[in-house]
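**Q** A single structure is presented below for examination.
The values are calculated or read from the model by the stated rules, or taken from the named source; none is laboratory data. What you are looking at is a predicted structure, and each value in this text was computed from that prediction instead of being measured. Methodologically, a virtual Cβ is constructed for each residue, glycine included, from the backbone with ideal geometry; neighbour enumeration extends over all protein chains shown. These area figures cover heavy atoms from the full protein model, side chains too; ligands, DNA and RNA do not enter into them. Shrake-Rupley method; radii C 1.70, N 1.55, O 1.52, S 1.80 Å.
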Amino acid sequence: LVASARPLLADASRVAALDIGWVSAATEADIVDLAGLTDLEIASLPGGHTSKRVGAMFLLDRAPDALLLYGSRGLPAGGLAAWQELVTPHAVEARLIDDEVIARHFAPAAWLPLGATGAGYVLLRSQKAASD
């Protein structure tokens with residue numbers, strides 16, 4: 001996972017993710033920790049470790065140019081284009097997946113499989129970063 005993500009995140013300056021352990025091994029970019037373990041402002045938001053109430057505008061204020069979202073059942077039938085149908089067990093990610101503001105600001109860039117389980121991560125890249 002780390003090896004496959006490394007080239008995809010090489011030009012990222014800030015990556016938002018819930019599971020930051022492997023992400024921090026894959027990139028030198030700043031990390032927006034959606035769980036709040038390394039961010040006191042996110043930690044103070046309502047919710048547990050995987051259900052912090054990180055809204056779209058809060059996230060966009062952090063200016064990530066990459067967003068990683070876990071899919072427990074793999075890519076939806078429509079592939080990357082159907083990333084908003086991704087099934088995740090984590091409330092914070094589900095909230096972001098369902099948010100049209102996120103959909104307008106990010107575009108799917110890659111699927112990063114997690115072993116042979118079918119699960120993995122959708123990598124979204126900022127549309128703003130792509131147009132700069």
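**Q** When you scan the range 31-71, how many residues do you find that are out of contact with any strand residue (DSSP E or B) (no Cβ under 9 Å at 6 or more places or on another chain) and of a type outside the set (A, V, I, L, M, F, W, C)?
**A** 13
**Q** Which of (1) more than 14 Å from residue 123 (Cα to Cα); (2) surrounded by fewer than 22 Cβ atoms within 10 Å (Cβ to Cβ) is the odd one out, the single condition residue 20 does not satisfy?
**A** (1)
**Q** Mind checking whether some residue in the range 22-33 is closer than 16 Å to residue 99 by Cβ and in a strand (DSSP E or B)?
**A** Within the range 22-33, one or more residues are closer than 16 Å to residue 99 by Cβ and in a strand (DSSP E or B).
**Q** Here are 8, 37, 45: which of them is assigned to a loop (DSSP other than H, G, I, E, B), of a type in the set (A, V, I, L, M, F, W, C) and open to solvent by less than 70 Å² (accessible area, probe 1.4 Å)?
**A** Selected residue: 45, the only one of 8, 37, 45 that is assigned to a loop (DSSP other than H, G, I, E, B), of a type in the set (A, V, I, L, M, F, W, C) and open to solvent by less than 70 Å² (accessible area, probe 1.4 Å).
**Q** Shifting gears a bit: Please go through the range 74-114 and give me each residue that is of a type outside the set (D, E, K, R), open to solvent by 30 Å² or more (accessible area, probe 1.4 Å), touching a residue at least 12 places away in the same chain (Cβ under 8 Å) and in a loop (DSSP other than H, G, I, E, B), ordered by number.
**A** 75, 87, 89, 90, 114
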